[in-house]
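Every number in this text was worked out from the coordinates using simple rules, so none of it is lab data. These numbers were taken from a predicted model, which means no experiment stands behind them. Here the Cβ positions follow ideal geometry from the backbone for every residue, glycine too, while neighbour counts run over all protein chains shown.
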Amino acid sequence: MAESAAVAASNIHNSRTSDAAVALDDVVVAFRLADGGVYTAVEHATLHVADGEFVAIVGPTGCGKSTLLNVTAGLLAPAAGAVNIFGHSLANLNRQAGYLFQADALFPWKTAVENVAIGLETSGTPAADARARAKEWLVRVGLAAFADRYPHMLSGGQRKRVGLAQVLIRDPKILLMDEPFGPLDAQTRQIMGNLLLDLWTADRKAVLFVTHDLEEAIALSDRVVIMSAGPAARIIGDWRVPLARPRDTSEVKLDPVFHELHRDIWHKLKAEVLKGYAQSERA
C-alpha cells in the first residue's frame, strides 16, 4: 500500500503543477555563518499544494519543516529555486496566506474579541464592523461566551481557538500552521483537530500543516510529506491519505487503513528521526 499511495501522491503532484496554490520548485535555503561558511538547511525541495488540499509535513526536529513554511509565507527568501503562489512568483510577503504559529500571538491587553477583530482593523475595516465579525468567528470556534475575556483568563485550548479565529477572519486562501497544537494535552489536541477539520470542510483552503505527530498528520491531511534529517534536508516521501471525509480525528485511528499507512510511513521516517537524534548527541 505504501508504494501505491506514494505513487498516487506523485501523480497528483505532477498533474496539479499549473494550478497549485503553493508551488515550491527545487528550493534551496542556506544561511551565511559568522565564520564565512554556509549552512544549507533545505536542499532541492519540491512541493506543490493544490487549492483546497490539506498537506501535512513531518520530519525530525530541526529538519527544516518550519523553514519551508517561512519560505511559503515570504518571510524567508530561498537561495535558489522558485516559489509560486497561484501561478505567480512570490517576491515579498505572501498576503494570500494566514500563519498560525505554535506560540500564542495574542495581545495580552486585548480581549478575545479585540484580538480577533484586530486582523480586520489593521486592513481598514471600521472598528464596529470588525468587532461584529469577530464575534461571529468566536461563535464558530465555540467561544461566544468568552468574547470579553483576556488571554490570561483562557485555557491553552481556548487561546488556540482565538488564534485560529484571528487568522481565519482575514479569509486567507492559504493556511500555514506550524505545530499549532503542540503545547496542548492529547485530549485538547483531538478537539482542536476536529474543530480545524470542521472549519476547513466549510471553506476548503490550501493548508500546509507542520507537526511532529505522525498520527495527527494522517488523521488531518490529504497527503503526508516527510523530510530527511538535516542539514541539507530533503523531501523524501509523499503519501496520499486514502481515508474518507468527513473524519473524526479519534475514530479514524481505529480504521485498519490508518494503521497500515502509519506503519508504512513510520518505516521510512524512523531512520531519519534516529539520524536526527544521533546528530544532536554529537553536537
* To do: Specify which labelled value, from (1) 59; (2) 63; (3) 68, agrees with percent of Cα pairs over 22 Å apart derived from the coordinates of the model shown.
  => (1)
* Structure fact -> For Ala30, other-chain or 5+-apart residues with amide H closer than 5 Å (H placed, Pro excluded) are Ala41, Ala79
* Structure fact -> Expected vector for segment 215-231, Karplus 3J(HN,Hα) from phi with 6.51, -1.76, 1.60 and θ = phi - 60°, integer Hz, x for Gly and Pro, equals 4, 4, 4, 5, 5, 8, 9, 8, 9, 10, 10, 10, 10, 7, 5, x, x
* Structure fact -> Shape call for segment 45-98, from the Cα gyration tensor axes a ≥ b ≥ c (a/c under 1.5 means rounded, otherwise prolate when a/b beats b/c, else oblate), comes out oblate
* In segment 148-201, the trypsin sites (Lys or Arg not before Pro) that fall in loop regions by DSSP, at most 10 other Cβ within 10 Å -> none
* segment 95-135, dipole about Cα centre (Lys/Arg Cβ +1, Asp/Glu Cβ -1), debye to the nearest 20 -> 100 debye
* Please work out the C-alpha center-to-center distance from segment 19-74 to segment 142-209 and express it in whole Å. => 24 Å
* Asked: Which ³J(HN,Hα) values in Hz, rounded to whole numbers, follow from the phi angles of segment 172-178 under the Karplus curve 6.51 cos²θ - 1.76 cosθ + 1.60, where θ = phi - 60° and Gly and Pro get x?
  -> x, 7, 10, 10, 9, 10, 10
* Asked: Counting Lys and Arg as +1 and Asp and Glu as -1, each charge on the Cβ, what is the dipole of the chain about the Cα centre in debye, to the nearest 20?
  -> 380 debye
* Calculated from DSSP H runs of 4 or more alone, at -39500 (n - 2.57) each and per residue, what is the 222 nm mean residue ellipticity of the chain, nearest 500? -> -12500 deg cm²/dmol
* HN-Hα J couplings of segment 20-31 from phi, Karplus 6.51/-1.76/1.60, θ = phi - 60°, integer Hz, Gly and Pro as x? -> 5, 5, 10, 9, 9, 10, 6, 6, 10, 10, 9, 10
